[in-house]
1. Return the residue satisfying two criteria in turn: it lies in the stretch 64-81 and is part of a loop (DSSP other than H, G, I, E, B) and among the hydrophobic types (A, V, I, L, M, F, W, C), and of such residues it is nearest to V236 (Cα to Cα).
2. From the residues in the stretch 215-224 that are in contact (Cβ under 8 Å) with a residue 12 or more places away in the chain and part of a helix (DSSP H, G or I), which one is surrounded by the fewest Cβ atoms within 10 Å (Cβ to Cβ)?
3. Among (1) in contact with a helix residue (DSSP H, G or I) (Cβ under 6 Å, 6 or more places away or on another chain); (2) in a helix (DSSP H, G or I); (3) at pLDDT 95 or above, which single condition is A92 missing?
4. Kindly indicate whether any position in the stretch 303-323 is surrounded by fewer than 17 Cβ atoms within 10 Å (Cβ to Cβ), in contact (Cβ under 8 Å) with a residue 40 or more places away in the chain and more than 21 Å from the chain's Cα centre (by Cα).
5. Among the acidic types (D, E) and farther than 20 Å from T222 by Cα: which single residue out of D135, D103 fits that description?
6. What are the pairs with Cβ atoms under 6 angstrom where one residue, in the stretch 190-214, is without any contact (Cβ under 8 Å) to a residue 24 or more places away in the chain and the other, located anywhere, is buried (at least 21 other Cβ atoms within 10 Å of the Cβ) and of a type outside the set (V, I, T)? Sequence gap at least six, or different chains.
7. Hey, any hits in the stretch 400-408 for a residue that's on the phi < 0 side of the Ramachandran plot, crowded, with 18+ Cβ neighbours inside 10 Å, among the acidic types (D, E) and assigned by TED's automatic domain parsing to the domain that holds M271?
8. For the condition out of contact with any Phe, Trp or Tyr (no Cβ under 8 Å at 6 or more places or on another chain), loosely packed, with under 14 Cβ neighbours inside 10 Å and not in a helix (DSSP H, G or I), what is the one hit in P207, P227?
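The values are calculated or read from the model by the stated rules, or taken from the named source; none is laboratory data. On a predicted model such as this, the values are computed, not experimentally measured, just so you know. Cβ placement follows ideal geometry from the backbone for every residue including glycine, while neighbour counts extend to all protein chains displayed.
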Amino acid sequence: MFLWWNCPLNFPAISVKIDTTYSIHSNKKDVTSMFETDISNIWGSIEFSDLMKMEDRLTKAHATLSEGTGEGNDFLGWYHLPSHTTEEELDAIQKAANRIRRDSKALVVIGIGGSYLGARAAIEFMNGVMHNETDPVKIYFAGNHLSTRALNALAARLENVDFSINIVSKSGSTMETAVAARMFRWMLNRKYGPDEAKKRIYVTTDPGKGKLRKLAKEEGYTTFPIPSNVGGRYSVFTACGLLPMAVAGIDIRSVMAGARQAETELNVRSMENPAWLYAAARNLMYENGKKIEMLCSYEPDFEYVGRWWQQLFGESEGKDGKGIFPACAQFTTDLHSMGQMIQQGERNLFETVVRFDPDEHDLNIEIDWKNIDDLNYLAGKTVSYVEENAFLGVVAAHVDGGVPVIILKCGAMNARTLGYMMYFFQLSCGISAYLLGVNPFNQPGVEAYKKNMMTNLGR
């Protein structure tokens with residue numbers, strides 16, 4: 001572990017790097033991942049002395065998490081979840097996934113919020129946004145909306161396909177999920193008969209209570225627990241996220257190995273901790289009038305990680321009249337729609353850009369003798385070369401335009417990096433929320449609109 005210091009433009013730039021060297025058991029060479037939080041592009045918006053003053057607050061916030069002394073401490077089960085998950089638990093999840101892969105061509109994951117975002121984020125991150133065009137088992141998501149059109153379209157697609165469902169809900173009473181679960185349970189019963197249908201229904205819910213737990217017990221469904229001390233948006237490392245990942249063919253042990261590595265390495269109680277640096281930087285941005293954080297990536301497969309991150313930080317920090325508004329963007333795509341606003345709109349936002357190593361299968365730009373598009377000056381270069389220079393140009397323009405940029409460098413896009421990254425965000429979020437002075441683990445506003453919805457429906 002080491003700390004980099006340099007001083008461009010008379011401002012100290014600080015980058016924190018943690019070695020994350022690991023071996024992948026395959027025909028590939030060992031892969032080395034470096035996770036770095038780079039805040040060298042925020043100076044001018046904040047002072048270096050402001051960052052150093054944060055150390056005591058960060059120490060206290062991290063201790064509040066680790067010792068369980070803060071608000072919401074009954075929902076800290078995620079903190080040591082990677083290291084406390086047993087091989088037996090992973091075996092049970094993998095066996096269920098293998099069974100689904102044997103007897104089904106599709107799995108419908110039925111859930112909303114944290115009950116589906118982590119799984120979808122992981123699957124698209126690993127298998128790509130077009131995974132259903134190539135993967136042997138198609139993964140569909142339902143129960144995250146109330147659209148008749150979308151439900152009918154999915155039902156029609158499954159009519160002549162062998163499928164299973166995974167109902168994910170702690171309570172079993174969330175309206176969107178319950179409606180979809182009832183519909184697809186009925187469809188399975190009609191298609192296979194009650195006895196065979198039971199074998200195709202998998203439930204992920206509270207270990208001891210709730211309507212869905214009661215239903216699963218009465219019907220004899222295969223059931224996995226979401227620990228009672230783990231909230232939905234922190235549940236990606238439970239069966240909530242791991243079962244759909246495993247069905248999609250993702251190595252869940254590599255995911256958990258990355259998360260365990262992060263759990264250990266990010267326990268460092270100093271400014272060398274990149275999670276501290278991220279939490280500190282975003283809170284200093286907020287205190288200096290930057291009320292919107294835009295999480296950006298140059299990878300289309302990252303889109304749902306952004307949506308997962310959006311819920312994680314939005315539900316954790318957006319309360320008591322406080323909170324950084326979390327927004328997501330996919331570059332360079334969204335530069336052609338939102339770039340003008342970012343560059344010259346109100347100066348109330350900052351960016352966090354997530355960077356990954358280039359794909360090992362890079363693409364060359366070939367020479368074209370007609371050169372009608374005038375791109376022959378790039379002949380012999382790779383697409384990654386163009387992308388890297390686009391990234392550098394955008395950072396420079398945005399910083400010049402008054403938009404500070406935090407850069408998170410995460411290494412290769414693989415299962416271990418995924419686990420590390422998601423734990424990094426969870427830990428950073430908990431620390432950041434305590435710095436802000438709010439309970440990271442409740443969501444009273446969500447309960448308010450749920451209550452109004454039920455009232456309007458006559459309940």
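1. So in the stretch 64-81, the residues part of a loop (DSSP other than H, G, I, E, B) come out as 68-72, 76-80.
In the following step, the residues that additionally are among the hydrophobic types (A, V, I, L, M, F, W, C) were identified as 76, 78.
Values: L76: 14, W78: 9 Å.
That would be W78.
2. Going through the stretch 215-224, the residues in contact (Cβ under 8 Å) with a residue 12 or more places away in the chain turn out to be 215-216, 219-224.
After this cut, where a residue has to be part of a helix (DSSP H, G or I) as well, the list is 215-216, 219.
Details: L215: 19, A216: 22, E219: 14.
Checking each candidate, the answer is E219.
3. Going through the list (1) in contact with a helix residue (DSSP H, G or I) (Cβ under 6 Å, 6 or more places away or on another chain); (2) in a helix (DSSP H, G or I); (3) at pLDDT 95 or above, A92 breaks only (1).
4. Yes, the stretch 303-323 has at least one match.
5. On the way: D103 fails: farther than 20 Å from T222 by Cα.
The unique qualifying residue is D135.
6. A197/L188
7. Checked against the condition, which is being on the phi < 0 side of the Ramachandran plot, crowded, with 18+ Cβ neighbours inside 10 Å, among the acidic types (D, E) and assigned by TED's automatic domain parsing to the domain that holds M271, the stretch 400-408 yields no hits at all.
8. Numbers: P227 fails: loosely packed, with under 14 Cβ neighbours inside 10 Å.
None of the others qualify; the one that does is P207.
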